[in-house]
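Here is the structure we will look at.
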Amino acid sequence: MENNRELSALFLLIDDPDQEVFDAVSQKIVDYGKPIIPNLEHLWETTPDEQTQERIELLIHRLHYRDLTEEFRQWNLSGHHDLMIGALHVCKFQYPDLTNTSVLQEIEKVRRNIWLELNNYLTPLEQVNIVTSILYSYYGLKGNETNYKEPNEFLLHKTLEAKRGNQIANGILYLLLCELLDIPVRAINIPKQFIIAYFKPGYSEENLPNPYHKIEFFIDPTSGQVFTHQDVDNYFKRVSIPPAGTYFKPQSNKKVIRQLLEEFSKCFESDKDVHKKHELIDLSKLLD
């Protein structure tokens, strides 16, 4: 009863024009945790004022964000940084009610179609051609240039729904499928690109400081196109960057998700959304 009275008083102050009052009120409301979200949703539905509705939406977002921060913290501390779980955490920044089941089922469907075509006698290029053929031709995945006005094209579940993503979203899907199929494809750190590479067997980062020659070939996940070493050398010449060995080291799943968060944050530059940009950057810093 006491809580109900305090909540009612706090809700009445949500539309207070004084920013300091609103900041204090919002902190108290957020301290109640996610169980208060249905109350806030009801308040939103019964509030005619658009500015107050925006404040209520912000409060609901902050409640979800607090839980998401904890999920990222736990993922960062886990021994194995599961790429799929990390990518789905990023999806929940914009879609907090997302359930994982439909995403996992869709990925399993594509994985199984690829697995049925694979065998132990295929060359690395033949393996990758099968993955690419199933994913881009049979499944119909399309790739777009990175457009920060299209935040959904950074998100795994939306990429699967629309069968369209940008280089990093398609790349994460490609990496996930290869990981599930034990195909040694990893992300590498080529400047201004999200490129993946097929590594030769026996690669060890510890005993080979420059893994360039341990890469069979490179793949652009926008389309699945395969690039040779010569193609990549030409790219480095074109952008006037010396091709250092660090650019060819396989990136950990943690680094991939950190890069996704940093790129995704660039979708929120407007005054209205800039708080989301800062939140995503803060999440990426948890993965340092």
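Can you spot the aspartates and glutamates whose alpha carbon is less than 13 Å from Lys276's alpha carbon? Ignore those fewer than 8 places along the same chain.
Once the sequence-local aspartates and glutamates are set aside, what remains near Lys276 is Glu57, Glu262, Glu263.
Please enumerate, by chain and number, the lysines with C-alpha under 16 Å from the C-alpha of Lys163, excluding those fewer than 8 residues away in the same chain.
Lys109, Lys142
What angle do you read, to the nearest 10 degrees and between 0 and 90, between the alpha-carbon axis of helix 101-115 and the longest principal axis of the chain?
10
Quick one: net charge of Leu261's neighbours, Cβ under 10 Å, K/R +1, D/E -1?
Result for the local shell: -2.
Hand me the GluC sites (Glu not before Pro) from region 233-281 located in a DSSP loop with no more than 14 other Cβ atoms within 10 Å, in residue order please.
Listed in order of number, the matching sites are Glu269.
Find the percent of Cα-Cα distances in region 234-286 that exceed 14 Å, and round it to a whole number.
The proportion of pairs with Cα distances above 14 Å equals 63 percent.
Return the FRET efficiency for the residue pair Asp23, Leu104: r is the Cβ-Cβ distance, R0 is 51 Å, and the value is rounded to the nearest 0.05.
Result of the calculation: an efficiency of 0.80.
Counting only helical runs of four or more DSSP H residues, what would the 222 nm mean residue ellipticity of the chain come to if each run contributes -39,500 (n - 2.57) and the total is spread over all its residues?
-16500 deg cm²/dmol
Once the dipole of the chain is set up with Lys and Arg at +1 and Asp and Glu at -1 on Cβ about the Cα centre, which of Ile257, Pro17, Ile134 lies farthest towards its positive end?
Ile134
We did not get these values from a lab; they are worked out from the coordinates using the rules stated. Remember, predicted model here, so these are calculated numbers, not experimental data. Note that we place each Cβ from the backbone using ideal geometry, even for glycine, and neighbour counts take in every protein chain shown.
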